[in-house]
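Novice: Here's a structure for you.
Only the coordinates and a few stated rules stand behind these numbers; no lab work does. Everything numeric in this text was worked out from a predicted model, so none of it was measured. A quick note on method: Cβ atoms are made from the backbone with ideal geometry, for glycine too, and the neighbour counts reach across all protein chains shown.
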Amino acid sequence: MNRVCIFQAITLLMTAFSSTDAQKIERIEPPSWFTEMKEPSLQLMVYGKEIGSFNVVADYPDVRVTTLIKTENPNYLFVNLDISPQAHPGNVRLIFTRGKQNLTYDYPLLTHPAEVTRGFDASDVIYLLMPDRFANGDPSNDNIEGMIEKVNRSNPNGRHGGDLKGISDHIDYLKDLGVTGLWLNPFLENNQPSFSYHGYSITDLYRVDPRYGSNADFKNLVSKAHGMGLKLVMDMICNHIGSGHWWMKDLPSGDWIHQFDDFTRTNYRASTYMDPYSSERDAYLMEKGWFDRTMPDLNQSNPLVETYLTQNSLWWIAYFGIDGIRMDTYPYPEKNMMSRWAKRVTDEFPGFFIVGEVWYQQEALTAYWAYDRINSDGYRSNLPSITDFPLSLATHSAFTESDSWTDGLARFYLTLSQDFLYPDPFRNVIFLDNHDLPRFFTQTGMRLDIYRMALPFILTTRGIPQFYYGTEIVMEGDKSRGDGNLRKDFPGGWAGDSKNAFIGENLEGVQKEAYTFTKKLLNWRKESEVIHTGKLKHFIPENNLYVYFRYNNNESVMVILNNSEKESRTITREKYSESLKGFTKGVEIITGTEIEDITSFIISPKTAMIIELK
Ligand code: CA
């Protein structure tokens, strides 16, 4: 323990024991704040027995208490502070008084992080992993006193023991694979009796679940990732909390969550937000119904809830230096609050990346939430990016169905032709699958030739690719067998695993082939500027053949997908002459083959070619 730690420990002890009677402050959230934030106001949620009947002043230069807000629950007090731009870092002494009773609390005001954001764009590929299922770096934290659910690796829906150390131990593997960022499924405390592994039932919004490690471990993980050139996306949820959240034992107010006489589920029909004919009943249930029995629905229309959630997001960004947020179930909370949330986050940290999960099958419904789009009803989401489910779902059928006016590769053509709906479709996050979808390999009949077409597509079309862990070794996952089946353990993440897929030499057969192919393509994409920033032009698919170009003033990459099961196709210059002008030959980057004459060449059946034109 160094001197600073000792000082902090003493300060904490002083804070905890500053009162001699039973009266105490149990929690103040956010637990710390920062100097020089663009927004000078800060609202503290103070929790403690009958704390609502106390008065509060701040004894600290350039910080003052402006107002106190009480709810019907006397155990809460909301303290509005004004932190002037001149305020220095230090412990802000808050003095709580009631009659002759006196409590003090030293509230940490930390130095503003000079540079927090690196942002994400189409030069990135984001590796999505579920912390419980990637690697168990520390078996000693598998079971923790006080955490209800214990480890049980034989239960697909149980906890398997993966943790932050497991991720940290394999950052070199991820860097080597060729991704540029990590998105971790949620890893905050989920002290729930079951299904706690997926992380979407948060019971403490300021604490890393101790079965994954500590807040300090997460900070170290972010630093290590940054040191190796990888960015980090944190998964957040504003829509709901876990039923085991400490609020549920003593709600700040009756309207903190949406409450019903009987359990009432959302109808999951997020089209009610933009549907001009939506019934009020449907819209009401969509927003206010609970996502699940164990996921109480927060009332974002309560301004105290809005401020709490917004400050919570800002705190994780500023304190840990994360590079992006993936916001779960973006259309489920009150949509105007979410728009203000996104604006506040990006105003405070310009360039900060947020991708909202907007899970629709249709392009138009997806685009309602897109960056910079102003809808006919005036709604603007302020989201920097959205998840492109329509394109993902197109990949699930395009390669396995017969070619027709609307099916087969025409799905890509038709989906992308609707990009006029998005002010900037190149910001869309695109993917073959994720933790909620059938794994692509399983969905398409476990055919490596299809994977060898689909990955080139997702890595060369417009957008920011997201890559689900284990895809590089074509892990299987069948949604009809439950979500746990989509989230199997990465082989080698646990001591004693029969295979260690973190070491390439251990792989064989299709896994080895898939891994080598994926690594090669990801590392090529990482250096290919024309894929990062170039324009897109595509040609109408015909006869199972889809051709498009990514190009700028100097470079051009030609991508060809031949989805025919048996027939080769001859590519002739005539049809693509407008895009081939000035080029005579090319290098196909998957095979490394030189194409000496681009006026006519052949592509084999069920094959993708990526040709750097010369
Ligand atoms: Ca563990």
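Novice: How large is the Kirkwood hydrodynamic radius of region 21-110, counting all unique pairs of alpha carbons, in Å?
Specialist: Numbers: mean 1/r = 0.0760 Å⁻¹.
Across region 21-110, the inverse of the average 1/r is 13.2 Å.
Novice: Continuing with the same structure: Separation of region 467-522 and region 364-408 by C-alpha centroid, Å?
Specialist: Here the two parts' Cα centres lie 28 Å apart.
Novice: Stretch Arg153-Asp255 to full length: gain in nm at 0.36 nm per residue minus the Cα-Cα span?
Specialist: 32.8 nm
Novice: In a shell of Cβ-Cβ distance under 13 Å around Arg27, excluding Arg27 itself, what net charge do Lys and Arg (+1) and Asp and Glu (-1) give? Write out the running numbers ahead of the final one.
Specialist: Details: positive: Lys24, Lys49, Arg207, Lys249; negative: Glu26, Glu29, Asp204, Asp250.
So the environment of Arg27 carries a net charge of 0.
Novice: What does the charge count around Lys614 come to, taking other residues whose C-beta lies under 14 Å from its C-beta (Lys +1, Arg +1, Asp -1, Glu -1)?
Specialist: Here the charged neighbours net out to -4.
Novice: Here's something else I'd like to know. Using only alpha carbon positions, build the gyration tensor of region 455-614, then give the equivalent ellipsoid semi-axes as the square roots of 5 times its eigenvalues, largest first, whole angstrom.
Specialist: The answer is 34, 17, 15 Å, longest axis first.
Novice: Still on this structure, please answer the following. In percent, what relative contact order does the chain have, based on Cα pairs under 8 Å that are 6 or more apart in sequence? Please report the intermediate quantities before stating the final value.
Specialist: Working: 1299 pairs, mean separation 65.6, N = 614.
Relative contact order for the chain comes out at 11 percent.
Novice: Another one. With labels modelled as points extended 7 Å from the Cα through the Cβ direction, what inter-label distance (nm, one decimal) is found for Lys537 paired with Ser404?
Specialist: 3.2
Novice: I would also like to ask the following. Which listed residue (Asn523, Asn220, Thr66) has the Cα farthest towards the positive end of the charge dipole for the chain, taking +1 on Lys and Arg C-beta and -1 on Asp and Glu C-beta about the Cα centre?
Specialist: Asn220
Novice: Report Rg (one decimal) and Dmax (nearest whole number) for region 533-613, counting Cα atoms only, units Å.
Specialist: Cα only, region 533-613: 11.8, 37 Å (Rg, Dmax).
Novice: Taking the Cα centre as origin and putting +1 on Lys and Arg beta-carbons and -1 on Asp and Glu beta-carbons, what dipole magnitude results for the chain, to the nearest 20 debye?
Specialist: 440
Novice: Quick one: which of Lys224/Lys335; Lys150/Lys249; Lys343/Lys537; Lys70/Lys100; Lys288/Lys488; Lys165/Lys519 span more than 25 angstrom between C-alpha atoms?
Specialist: Numbers: Lys224/Lys335 35 Å; Lys150/Lys249 23 Å; Lys343/Lys537 33 Å; Lys70/Lys100 21 Å; Lys288/Lys488 32 Å; Lys165/Lys519 23 Å.
Lys224/Lys335; Lys343/Lys537; Lys288/Lys488, as the Cα separations exceed 25 Å there.
Novice: Label region 377-520 by shape, choosing from rounded, prolate and oblate, from the square roots a ≥ b ≥ c of the eigenvalues of the Cα gyration tensor; if a/c is under 1.5 it is rounded, and otherwise prolate applies when a/b is larger than b/c, oblate when it is not.
Specialist: The shape class here is prolate.
Novice: As an exercise, identify the chymotrypsin sites (Phe, Trp or Tyr not before Pro) in region 429-537 lying in DSSP coil whose Cβ has no more than 11 other Cβ atoms within 10 Å.
Specialist: Answer in residue order: no site qualifies.
Novice: Determine the percent antiparallel among the DSSP beta bridges restricted to the chain, to the nearest 5.
Specialist: Beta bridges within the chain, antiparallel portion: roughly 70 percent.
Novice: While we're looking at this one, here's another question. Evaluate the charge dipole of region 473-614 about its Cα centre and quote only its size in Debye, nearest 20, assuming +1 on the Cβ of each Lys and Arg and -1 on the Cβ of each Asp and Glu.
Specialist: 320
Novice: Among the trypsin sites (Lys or Arg not before Pro) in region 253-308, which ones are in a DSSP loop with at most 15 other Cβ atoms within 10 Å of the Cβ? Mind listing them?
Specialist: Qualifying residues, ordered by number: Arg269, Arg293.
Novice: Around Asn91, what is the net charge, scoring Lys/Arg as +1 and Asp/Glu as -1 over all other residues with Cβ under 15 Å from its Cβ?
Specialist: Spelling it out: positives minus negatives among the neighbours equals -2.
Novice: Would you mind checking the radius of gyration and Dmax of region 209-282 based on alpha-carbon positions, in Å?
Specialist: My reading of the Cα-based Rg and Dmax gives 19.3, 52 Å.
Novice: Related question: For region 49-174, build the charge dipole from Cβ charges (+1 Lys, Arg; -1 Asp, Glu) around the Cα centre, then report which of Ile148, Phe96, Ser84 sits farthest towards its positive end.
Specialist: It is Phe96.
Novice: What size of dipole, in debye to the nearest 20, comes out for region 533-613 about its Cα centre when the only charges are +1 on Lys and Arg C-beta atoms and -1 on Asp and Glu C-beta atoms?
Specialist: 240
Novice: A further question on this structure: List the aspartates and glutamates whose alpha-carbon lies under 15 Å from that of Lys479, not counting same-chain residues fewer than 8 positions away?
Specialist: Asp433, Asp436
Novice: Residue farthest toward the positive end of the dipole of the chain, with Cβ of Lys/Arg at +1 and Asp/Glu at -1: which of Pro491, Pro276, Ser196?
Specialist: Value computed over the given set: Pro491.
Novice: What full-extension length gain, to one decimal in nm, is calculated for Lys100 and Glu72 as 0.36 nm per residue of separation minus the Cα-Cα distance? Provide the component values of the computation, followed by the final result.
Specialist: Details: separation 28, 0.36 × 28 = 10.08 nm, distance 2.37 nm.
Difference between extended and current length: 7.7 nm.
Novice: So which trypsin sites (Lys or Arg not before Pro) in region 456-561 pass both tests, a DSSP loop state and at most 14 other Cβ atoms within 10 Å of the Cβ? Provide the component values of the computation, followed by the final result.
Specialist: Details: sites: Arg462, Lys479, Arg481, Arg487, Lys488, Lys499, Lys512, Lys519, Lys520, Arg525, Lys526, Lys535, Lys537, Arg550; in loops: Arg462, Arg487, Lys488, Lys499.
Taking region 456-561 and a limit of 14 other Cβ atoms within 10 Å, the loop trypsin sites (Lys or Arg not before Pro) found are Lys499.
Novice: For region 469-536, what does the relative contact order come out to in percent, with C-alpha contacts under 8 Å and a separation of six or more?
Specialist: Computed value for region 469-536: 27 percent relative contact order.
Novice: I'd like the distance between the alpha-carbon centres of region 224-266 and region 317-332, rounded to an integer number of Å.
Specialist: 12
Novice: Do me a favour and compute the ellipsoid semi-axes for the chain from its Cα gyration tensor, root of five times each eigenvalue, largest one first, whole Å. List each step's numbers first, then the result.
Specialist: Numbers: eigenvalues 445, 132, 109 Å².
That gives 47, 26, 23 Å for the three semi-axes.
Novice: Residue by residue through region 107-114, which ³J(HN,Hα) values in whole Hz follow from phi under the Karplus form 6.51 cos²θ - 1.76 cosθ + 1.60 (θ = phi - 60°), with glycine and proline marked x?
Specialist: 9, x, 10, 9, 5, 4, x, 4
Novice: Could you work out how far apart the two model spin labels at Lys614 and Asp282 are, taking each label as a point 7 Å from the Cα in the direction of the beta carbon, and quote it in nm?
Specialist: 5.8
Novice: Using θ = phi - 60° and the Karplus relation 6.51 cos²θ - 1.76 cosθ + 1.60, list the HN-Hα couplings for region 36-46 in order, rounded to whole Hz, with x at every Gly or Pro.
Specialist: Result, rounded to whole Hz: 6, 6, 5, 9, x, 8, 9, 10, 8, 8, 10.
Novice: Where the centre of each part is set by its Cα atoms, how far does region 186-219 sit from region 269-314, in angstrom?
Specialist: 23
Novice: Let me ask something additional. Which of the helices in the chain meet the span-like rule: DSSP H, Cα axial reach of 15 Å or more, Kyte-Doolittle mean at least 1.0?
Specialist: Length and hydropathy pass: 3-16, 448-460.
Novice: Report the far tail of the P(r) of region 116-199, meaning the percent of Cα-Cα pairs longer than 14 Å.
Specialist: 66
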